[in-house]
Amino acid sequence: MGYRILETEDIPAYLRERGHWTESADPEVREVSDGNMNRVFLAASVTGSPSLAVKQALPWVRVAGPSWPMNPDRADAEARAYDQVARVAPDKIPAIHGYDPENYALVMEDMSDLEVLRTLLNDGASYGPDTSARIGELVAQLAFATSDFGMPSAERKALIAASVSPELCKITEDVVLSEPYVEHEHNHWHEELDDLAREFRADTRLRTEVADLRHTFMTSAQALLHGDLHTGSVMVGERQGAPVVRVFDPEFSFVGPIGYDLGLYWANTLVSAERARALGRLTDHADQLRLSWDAFEAEFRRLWPTRVDTFFDDAFLDRFLRRVWTDAIGYAGTEIVRRVIGFAHLTDLTTLPDPVPASRRTLLLGRELIVRREELTDPAAVRAAADATG
Ligand code: SR1
Ligand code: MG
């Protein structure tokens, strides 16, 4: 790959070249890479002007190294997604200062005054009243604007074509939507979960339901998605006394089923609830699915009268939202399962003193959500399923 892989010491000159740094003193730079895929640097001013974050896509999966090559043009997908979200929900993403497509690098607002939601929750915090509602609203705003309800048909076809992201979609089709249900070298799990991992691989009903969700993921071009909306892709905090929620890392973005974004978020809230339950500090965790769904539905319905194609009538809206709900429940199940027996596990569970009981409960809930998604028709039913699991 003929591009420049940035190291910590390159960042001051890089920011100057790109016109992002004009102070005479160089910034202090540190690498804060945390996710599975990319590198992130923070450049802090010694004189107090705003700091910047530089995120660069490597030509491989960061945590795996060169043995797992990955096209860095995923950064293009991320830049495109930020562009779309900025049109409808600029207050819910970081400010983007520029994208350098030659080096697959984004320069954006430094959000280190905020905290990653997963980190806060793992440390014992509650969600608070706003976070999940803002997430539900964001999903509705992005989904509506980039669906056939928010965009004329021809413009939508162009968006779908521009947003095709085969390699990143393939990661999801593999690590989320198939590998955990077959033997695969990526899979791993706690040895005391051997029986469940084996059971899941042998469960033909489960396999067919996951195949159904996988096919929907591959074919249902409903709207532009974030594509990886877990609690590690959300930062929260307070600025000027007001709560702030920022969603970041939309590199898995593509035009797909809206329920995938909701389902990913829900799965992560449900896992956070299992962690809190295991530690005896369950507070508002189990409410988050309802809060985000209610906000999603309310915002989608609020936008509905502005739809560009009124052949889609109100009765269709009810049917459409019902399908989004059911898909989301199924995808929540697949996200849970892959986070326990697939490639990328969650610190919510792995850092528990004894991860086994909560992991078992979580896995069983994941299966329930997948196979019973048509029966679980509202948040109360999901909550009852979560309480009954184990
Ligand atoms: C190889 S990537 C594994 C996971 O990391 C990303 O954050 C996505 O969740 C992906 O599925
Ligand atoms: Mg990420």
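The values are calculated or read from the model by the stated rules, or taken from the named source; none is laboratory data. On a predicted model such as this, the values are computed, not experimentally measured, just so you know. Using ideal geometry, Cβ is built from the backbone for each residue, glycine included, and neighbour counts are taken over all protein chains shown. Calculation scope for accessible area: heavy atoms of the full protein, side chains included, ligands and nucleic acids excluded. Shrake-Rupley method; radii C 1.70, N 1.55, O 1.52, S 1.80 Å.
Before moving on, here are some points about what is shown:
- Segment 50-60, subset outside any strand (DSSP E or B) and not aliphatic (A, V, I, L, M), residue surrounded by the fewest Cβ atoms within 10 Å (Cβ to Cβ): Pro50
- Of the residues making up segment 361-372, those that are within 15 Å of Asp203 (Cβ to Cβ) and open to solvent by 10 Å² or more (accessible area, probe 1.4 Å) are Leu364, Arg367, Glu368, Val371, Arg372.
- Answer residue from segment 87-105, given it is over 17 Å from the mean Cα position of the chain (by Cα), of a type in the set (D, E, K, R) and over 19 Å from Thr8 (Cα atoms) and is least open to solvent (accessible area, probe 1.4 Å) among those: Asp91
- Within segment 143-176, tally of residues that are open to solvent by 20 Å² or more (accessible area, probe 1.4 Å), within 13 Å of ligand 1 (Cβ to nearest atom) and over 19 Å from Ile341 (Cα atoms): 1
- Among the conditions (1) open to solvent by 70 Å² or more (accessible area, probe 1.4 Å); (2) outside any strand (DSSP E or B); (3) away from ligand 2 (no atom under 16 Å from the Cβ); (4) without any contact (Cβ under 8 Å) to a residue 40 or more places away in the chain, the only one that Val63 does not satisfy is (3).
- Helices (runs of 4 or more DSSP H) within segment 177-290 that include 2 or more residues open to solvent by 20 Å² or more (accessible area, probe 1.4 Å), more than 15 Å from ligand 1 (Cβ to nearest atom) and free of Cβ contacts under 8 Å to residues at least 40 places away in the same chain: 194-202, 204-219
- Within segment 74-107, the residues that satisfy the criterion of being in contact with a Lys or Arg (Cβ under 7 Å, 6 or more places away or on another chain) and farther than 23 Å from Cys169 by Cα are Lys92, Pro94, Gly98, Val107.
- Flag if Ala315 is hydrophobic (A, V, I, L, M, F, W, C) and closer than 21 Å to Tyr127 by Cα: no
- Thr47 meets the conditions (1) free of Cβ contacts under 8 Å to residues at least 24 places away in the same chain; (2) surrounded by fewer than 14 Cβ atoms within 10 Å (Cβ to Cβ) in every case but one. The failed one is (1).
- Any hit, segment 69-85, residues being open to solvent by 40 Å² or more (accessible area, probe 1.4 Å), touching a residue at least 60 places away in the same chain (Cβ under 8 Å) and more than 20 Å from the chain's Cα centre (by Cα): no
- Number of positions in segment 87-112 that are over 19 Å from Arg39 (Cα atoms) and not in a helix (DSSP H, G or I): 1
- Complete set of residues in segment 217-275 that are of a type in the set (Asp, Glu) and within 16 Å of ligand 2 (Cβ to nearest atom): Asp228, Asp249, Glu251, Asp261
- Residue check for Glu173: on the phi < 0 side of the Ramachandran plot and either without any contact (Cβ under 8 Å) to a residue 24 or more places away in the chain or within 16 Å of ligand 2 (Cβ to nearest atom) (or both): no
- You will find that of Phe200, Phe144, the residue that is modelled with pLDDT of 95 or more, within 14 Å of Thr334 (Cα to Cα) and out of contact with any Cys (no Cβ under 8 Å at 6 or more places or on another chain) is Phe200 and no other.
- Cβ-Cβ distances below 7 Å connect the following pairs, each with a first residue in segment 15-36 that is open to solvent by less than 80 Å² (accessible area, probe 1.4 Å) and modelled with pLDDT under 95, a second residue that is within 16 Å of ligand 2 (Cβ to nearest atom) and of a type in the set (Asp, Glu), and a separation of six or more residues or different chains: Gly35/Asp249.
- Flag if Pro72 is within 16 Å of ligand 1 (Cβ to nearest atom), of a type outside the set (D, E, K, R) and assigned to a loop (DSSP other than H, G, I, E, B): yes
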